[in-house]
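The values are calculated or read from the model by the stated rules, or taken from the named source; none is laboratory data. Given the structure is predicted, the values throughout are model-derived calculations rather than measurements. Glycine gets a Cβ as well: all are built from the backbone with ideal geometry, and neighbour counts include every protein chain shown.
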Amino acid sequence: MTVLLIQLDGKIPNLALMRIASHHRSRGDKVVFRFGLAAVERDLFINPDLVYASLIFTRTKPFAERLRQVFPNAIIGGTGWDLATFLEQFGITTKHLDYSLFPQYRQSIGFTQRGCRLSCSFCVVPQKEGRVTPEATIADIYRGSPWPREIVLLDNDFFGQLNWRDRIEELRAGDFKVSFNQGINARMLNDETAAAIASVRYYDDQMKTRRIYTAWDNRKDESTLFRGLNALVQHGVKPDQIMVYMLIGYWPGETVDDWLFRQAKLREFGARPYPMPFVRNPETIGFQRWVVGAYDKRVAWSDWVRARYHPNNLGMPSNQIAFQL
């Protein structure tokens, strides 16, 4: 049997598809992997017996719907599709990951825990994964020699698990580089957890830059957020090593002044703000570009708006600016 696996979005390996590949290869099936619908439509010679597709983002859903037109019986899942489809429904119970889908990928990837202690209205994790439960040890996740000792963790609430100290000790004792890829909740950090983060070799998911990820989703969280950020710095994390995702365009009554307040506070602290638009429109995407491109360090927001949110328009008369985004 020929099984076609399609990753419709996302930049990192898709664990669900890796589990599916492992399941079918163990049965002797031929597995074909493609990234993106366009790649599938170009490979007209593929005549699969079974098709699986996965998507993370809801904005990718039109591609999944188009896929259904090409392969009406395709099994589609992922948070971008729905929250009720699980591999176990299709008899796939293995946790083993088939890394051969991603031959250039060097890291070992996985979860030490699933779920979250919180129930933020904009987040699907509690609904999809429930409360915090342990998933795997670092030893379970690491795929062994000759692969580098580099771990990408997809945990949504690393410190929500009771045995987080054991996982930190594994990272330290094994001299692993680690990327807390989904972020650490700085609002809930204390001296012990901040010191734990500072004690490991934290990096971005490319293992090239020292990086801690966290978020500032609501201006009301200012005091608790900065208490956590200050704890990190007190224990040795440099402010510039902290990337703070800013949810924008979500809260009722939210204004650009709210975005500018959070952006300015984070710049003053020395952290790296990264706006994340909940609603994507010219203003939210333009604000994201202004901050991520560090134009906010040298161009006033009013001038950026006048330039239609694009650096190519800076300095041009307003009547000559073509809308660019």
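Values as computed for the structure displayed
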{"read-out": "Out of L37, L101, sole residue that is more than 29 Å from F278 (Cα to Cα), surrounded by 18 or more Cβ atoms within 10 Å (Cβ to Cβ) and touching a helix residue (DSSP H, G or I) at 6+ places or on another chain (Cβ under 9 Å)", "value": "L101"}
{"read-out": "Count - residues of segment 47-91 that are part of a loop (DSSP other than H, G, I, E, B) and of a type in the set (S, T, N, Q)", "value": "4"}
{"read-out": "Residue among Y245, Y213 that is surrounded by fewer than 19 Cβ atoms within 10 Å (Cβ to Cβ) and under 18 Å from P275 (Cβ atoms)", "value": "Y245"}
{"read-out": "Test: residue in segment 270-291 that is out of contact with any Ser or Thr (no Cβ under 9 Å at 6 or more places or on another chain) and on the phi > 0 side of the Ramachandran plot", "value": "yes"}
{"read-out": "Single condition A84 does not satisfy, out of (1) surrounded by fewer than 17 Cβ atoms within 10 Å (Cβ to Cβ); (2) more than 30 Å from P277 (Cβ to Cβ); (3) of a type outside the set (S, T, Y); (4) not assigned by TED's automatic domain parsing to the domain that holds M276", "value": "(2)"}
{"read-out": "Scope segment 109-122; condition in contact (Cβ under 8 Å) with a residue 12 or more places away in the chain and either among the aliphatic types (A, V, I, L, M) or not in a strand (DSSP E or B) (or both); matching residues", "value": "I109, F111, T112, G115, C116, R117, L118, C120, F122"}
{"read-out": "Test: F158 is over 18 Å from K11 (Cβ atoms) and aromatic (F, W, Y)", "value": "yes"}
{"read-out": "Set E170, E192: member being surrounded by 17 or more Cβ atoms within 10 Å (Cβ to Cβ), part of a helix (DSSP H, G or I) and modelled with pLDDT of 95 or more", "value": "E170"}
{"read-out": "Residue list for segment 173-189, filter: surrounded by 18 or more Cβ atoms within 10 Å (Cβ to Cβ) and aliphatic (A, V, I, L, M)", "value": "V178, I184, A186, L189"}
{"read-out": "Failed condition for T93, given (1) surrounded by 14 or more Cβ atoms within 10 Å (Cβ to Cβ); (2) farther than 18 Å from L154 by Cα", "value": "(1)"}
